[in-house]
1. Just name the residue that is nearest to the ligand (Cβ to nearest atom) out of those in region 47-57 that are in a loop (DSSP other than H, G, I, E, B) and of a type outside the set (Asp, Glu).
2. What number goes with the only condition from (1) surrounded by fewer than 18 Cβ atoms within 10 Å (Cβ to Cβ); (2) more than 23 Å from CYS43 (Cβ to Cβ) that TRP364 does not pass?
3. For GLN128, state whether it is in contact with a helix residue (DSSP H, G or I) (Cβ under 9 Å, 6 or more places away or on another chain) and within 25 Å of GLY159 (Cα to Cα).
4. Any idea which of GLY44, GLY99 is outside any strand (DSSP E or B), without any contact (Cβ under 8 Å) to a residue 60 or more places away in the chain, within 13 Å of the ligand (Cβ to nearest atom) and of a type outside the set (Asp, Glu)?
5. Within region 288-308, which residues are within 19 Å of LEU255 (Cα to Cα), more than 7 Å from the ligand (Cβ to nearest atom) and of a type in the set (A, V, I, L, M, F, W, C)?
6. Within the bounds of region 335-354, is there any residue that is surrounded by fewer than 23 Cβ atoms within 10 Å (Cβ to Cβ), more than 24 Å from ILE163 (Cα to Cα) and touching a residue at least 60 places away in the same chain (Cβ under 8 Å)?
7. Search region 1-26 for residues being surrounded by fewer than 24 Cβ atoms within 10 Å (Cβ to Cβ) and hydrophobic (A, V, I, L, M, F, W, C), and hand back the single one that is farthest from the ligand (Cβ to nearest atom).
Amino acid sequence: PLRLVIIGGVGGGLSAAARARRLNEQAQIVVLEKGDHVSFANCGLPYAIGSTISDQDKLILNKPKSLIARHKIDVRIRCEVLKIDRESKTLEIVDRSQGQHVHQLLPYDKLIISTGAVSILPPVLQGQEHATPLQTINQLGEILKRLEEATCQSVAVIGGGFIGLEVVENLSEIKGLVLSIVEAATHVLPPMDDDMTGPLHQEIRKHNVNLHLETTIDRIEKDDQGKRILILKNGSNVPADLIIVAIGIAPVSILAKHAGLELGLRGTVKVNDFLQTSDKDIYAVGDVVSKKHLVSPDPAFVALAGLANRQGRSAADHIFGTLKGTKPFKPAVGTAVVKVFSLTAASVGFSVRSLKMMGIESQWVTVHPPNHAGYYPGAKQMTLKVIFCPQDAKILGAQCVGAAGVDKRIDVIATAMQAGMLVSDLADLELSYAPPYGSAKDPINMAGFVAENVLDDIVSLFQPEELRKGGGAGSPLFIDVRERSEFEAGHLKDAVHIPLDSLRASLHRIPDKEREIVVYCQVGFRGYLASRILRNSGYRKVKNVNGGFKSVSSIE
Ligand code: FAD
């Protein structure tokens, strides 16, 4: 029988093993995992810091014993692969399961590498006691132990990405802890655009978390009482009895590298459409591989659990020759979601900023609709940004932040992207609606309508980020079309106030029909109506602020 060996027993590895067994009863399937656990929910680790998951055992989805009993999979924990010898098709392993280090050779016919990625430690934190990432059950245990000590009064979370935010939210349940986030970028969740993250910053600060943006750790010192303090490059001091690091990850591709397998972006293992490496008997899946991306011409580093699990399954399908296995693995789109206290942030595809860095031109629309009918109790405003190619209307990305209904909007757009739909197709999507769940025109439809209008040149958008360039000679005439009370509560510098309902009667105040005019309201709709009045009255260069004053205010 075929001997399938899998290196790594968590996300992709165990998916591959279980699928392989379901496809073939005779194959010898061996899973080698260097850690103490296989099949654990690494995505659930942050929730075991607070009280959301109070029983750590719940994170262990399968134990070796049950995998052996149910699936006849030879699961070996504390077994580290040291070397892949492709010539003899053998692995050199060290087995630490019995306490000693027992070196062995293990032959394979087919090999799947699912060694994942490891948290990057900045040099200043290397070798530092009390600085740890959160990737394993053991690291979780160390964090919990440290938190129980009376001397642990402060935690600094380094990195405001998905994991950093989850960690800090769960830490905030522990009374009396001084919490800080240190993030090098200008905003949390760097894969998103900065015009989306303002509400997240407010939410984080509202929960008494000190948020240090655009800075990193310069050095570590002790204060008068011998307590650890991080001195940041911007001069701030951050108390840090415990430091949890989540600044990013690097693929664990050392075995592949030494085996001479082809590597790609950031040291990831290169694979073909069937997840085979440059050696056709060796597959690689999950965080260790770079992924073909639906939006970018080049492969991307997308480390997500869903991809790892599905890739593991697909590798097994290819090895055992199912129909599914003859089909190429679909490109990634990077659909991600995170809970940030009472808000949710989700995204798919690339941000405007990332697209710019890749040299891909983009246009985008931003809407701020309620998550469900505004008249039904409990409606909460969300912000939805959809990014597309101005030439062919292909959807390049979307981001959404709000209190409810965020995940479903991004999931629908992710599905639309994968189905090859255009941004204008979002206008025509028939989505479920009853007042407690949505609106007759869903936020996704609304974004589609605006995008359609942009593509049809029914409206031109002025992007709030253009305000950063500042005014000066030749700067447009800004007209605020909101009501007086709204205008008085805050408006753009130098904006002229002409409420929408008075606009038609006030056109004599704007004699120059060739002048560039930018109108705005609170969220974009009245501005759109105003822009139509002006365009239909012969003003040729009229733009509406995308997302209105709300979007302007979100640019910090
Ligand atoms: P892993 O699941 O990391 O498994 C790799 C395994 O290989 C490890 O257990 C490692 O010990 C083992 N290994 C490495 N080298 C060797 C060797 N030489 N010999 C033997 N074994 C070896 N993704 C989401 O989509 N949503 C989330 O909400 C989410 N939350 C997360 C929260 C946290 C705290 C973390 C750490 C990750 C989260 N992820 C999330 C990412 C997700 O967990 C990964 O994308 C996924 O686990 C990748 O699967 P993998 O098989 O590639 O690697």
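1. Taking region 47-57 and keeping what is in a loop (DSSP other than H, G, I, E, B), we get 49-55.
Then drop every residue that is not of a type outside the set (Asp, Glu), which leaves 49-54.
On the way: ILE49: 10, GLY50: 13, SER51: 17, THR52: 13, ILE53: 12, SER54: 17 Å.
Among residues in region 47-57 that are in a loop (DSSP other than H, G, I, E, B) and of a type outside the set (Asp, Glu), the one nearest to the ligand (Cβ to nearest atom) is ILE49.
2. Failed condition: (1).
3. Numbers: in contact with a helix residue (DSSP H, G or I) (Cβ under 9 Å, 6 or more places away or on another chain): no; within 25 Å of GLY159 (Cα to Cα): yes.
It is false that GLN128 is in contact with a helix residue (DSSP H, G or I) (Cβ under 9 Å, 6 or more places away or on another chain) and within 25 Å of GLY159 (Cα to Cα).
4. Numbers: GLY99 fails: within 13 Å of the ligand (Cβ to nearest atom).
The unique qualifying residue is GLY44.
5. Those that are within 19 Å of LEU255 (Cα to Cα), more than 7 Å from the ligand (Cβ to nearest atom) and of a type in the set (A, V, I, L, M, F, W, C): VAL289, PHE301.
6. Checked region 335-354: no residue is surrounded by fewer than 23 Cβ atoms within 10 Å (Cβ to Cβ), more than 24 Å from ILE163 (Cα to Cα) and touching a residue at least 60 places away in the same chain (Cβ under 8 Å).
7. Filtering first and then ranking leaves LEU2.
Yes/no per residue for (1) over 30 Å from ALA185 (Cβ atoms); (2) in contact with a Ser or Thr (Cβ under 8 Å, 6 or more places away or on another chain); (3) among the hydrophobic types (A, V, I, L, M, F, W, C):
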| position | (1), (2), (3) |
| --- | --- |
| PRO499 | yes, no, no |
| LEU503 | yes, no, yes |
| HIS508 | yes, no, no |
| VAL519 | yes, yes, yes |
| LEU529 | yes, no, yes |
| LYS550 | no, yes, no |
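Taken together, the values in this text are just the output of simple stated rules run on the coordinates, not laboratory data. All values reported here derive from a predicted model rather than from experimental measurement. In this analysis, Cβ positions are derived from the backbone assuming ideal geometry, glycine residues included, and neighbour counts consider all displayed protein chains.
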